[in-house]
Amino acid sequence: MKRRIITTADGSKTIHLEDWNEQYHSKHGAVQEAYHVFIKHGLQSFSNQRIAILEVGFGTGLNALITLKEAPRLGLDILYTGVEAFPITNAELEGLNYTEVLDAKALDEAFLSMHSAPWEEHVALTPNFSLIKMQKRFQEINAVGLFDLIYFDAFGARVQPELWTVAIFQKMYNALSDEGVLVTYSAKGSVRRALQEVGFRVERLPGPPGKREMLRALKTISVS
């Protein structure tokens, strides 16, 4: 599949998949989308605690980088798990400009370390941010109650509908602790209904630039 680096509306780069006419991030602004969906409506639900995050679609590492950047401000100690079946190449990594756009050049080394870190091993990137990358398909996620927050950032249902099904969202529900949170840029009715079918309480929230809405799903407390 032909891939190329493009510039999004906020000046940050992303990867465009020409055969699918799909991007890793919104063409309306990669950094803006990440902040709005995953930080504002996900990470900022937590403060002054230790949390475990699962990212479904590690991709370019943008969401992980911004999470690392924001963790100290929120008083968070984070164990971050990124699942990715098809890692980006070194050439693609060199074409990304996230630390520049974020005015965070001091995080260059941490960002590069995210991508060079060995798979399936915990790596402490800062005193309050540890990463483990898992190279596998989302269908292979079988965690139970391990995560407080899920960033669901798979490619869209238009091109990969199999990633937005009841079966996948049941895995996400199982992976969350009680009162855990899942956030995604998608607002499709079929996605909302699939989340509700497995037990999530779903909120429709204002979307990032270029999208009217997004979804946040909350895992209800189990009753013994």
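Quick look at the numbers
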quantity	calculated
Residue match in segment 148-155 (condition: over 15 Å from the mean Cα position of the chain (by Cα), on the phi < 0 side of the Ramachandran plot and outside any loop (DSSP other than H, G, I, E, B))	no
Hits in segment 63-85 - residues which are closer than 15 Å to ALA34 by Cα and of a type in the set (Ser, Thr, Tyr)	THR67
Number of the exception - GLU213 against (1) crowded, with 21+ Cβ neighbours inside 10 Å; (2) closer than 19 Å to GLN44 by Cβ	(1)
Criterion: open to solvent by 30 Å² or more (accessible area, probe 1.4 Å) and within 16 Å of TRP164 (Cβ to Cβ) - qualifying residue of SER190, SER186	SER190
Any chance LEU125 is in contact with a Ser or Thr (Cβ under 9 Å, 6 or more places away or on another chain), open to solvent by 50 Å² or more (accessible area, probe 1.4 Å), on the phi < 0 side of the Ramachandran plot and touching a residue at least 24 places away in the same chain (Cβ under 8 Å)	no
GLN160 vs. criteria open to solvent by 70 Å² or more (accessible area, probe 1.4 Å), over 15 Å from the mean Cα position of the chain (by Cα) and more than 20 Å from ILE39 (Cα to Cα)	no
Residue under evaluation LEU43, criteria (1) surrounded by fewer than 20 Cβ atoms within 10 Å (Cβ to Cβ); (2) in contact with a Ser or Thr (Cβ under 8 Å, 6 or more places away or on another chain), criterion not met	(1)
Where a residue in segment 196-222 is in a helix (DSSP H, G or I) and its partner, wherever it lies, is surrounded by fewer than 19 Cβ atoms within 10 Å (Cβ to Cβ), with Cβ under 8 Å and at least six apart	GLN196/VAL202; GLU197/VAL166
Residues (open to solvent by less than 40 Å² (accessible area, probe 1.4 Å) and within 12 Å of VAL56 (Cβ to Cβ)) located in segment 137-157	PHE138, ILE141, ALA143, PHE147, LEU149, ILE150, TYR151, PHE152, ASP153, ALA154
Hits in segment 163-176 (condition: open to solvent by 30 Å² or more (accessible area, probe 1.4 Å) and either of a type in the set (S, T, N, Q) or in a loop (DSSP other than H, G, I, E, B) (or both))	THR165, GLN170, ASN174
Meets criteria (of a type in the set (A, V, I, L, M, F, W, C), in contact with a Ser or Thr (Cβ under 7 Å, 6 or more places away or on another chain), open to solvent by less than 40 Å² (accessible area, probe 1.4 Å) and farther than 18 Å from TYR35 by Cβ) for ILE88	yes
From the options ALA52, ALA34, residue that is closer than 22 Å to PRO87 by Cα, small (Gly, Ala, Ser) and in contact with a helix residue (DSSP H, G or I) (Cβ under 8 Å, 6 or more places away or on another chain)	ALA34
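The values are calculated or read from the model by the stated rules, or taken from the named source; none is laboratory data. Every value quoted in this text rests on a predicted model; they were computed, and no experiment measured them. Note: ideal-geometry Cβ built from the backbone for every residue, glycine included; neighbour counts use all protein chains shown. Surface areas here come from the heavy atoms of the whole protein model, side chains and all, with no ligands, DNA or RNA. Shrake-Rupley method; radii C 1.70, N 1.55, O 1.52, S 1.80 Å.
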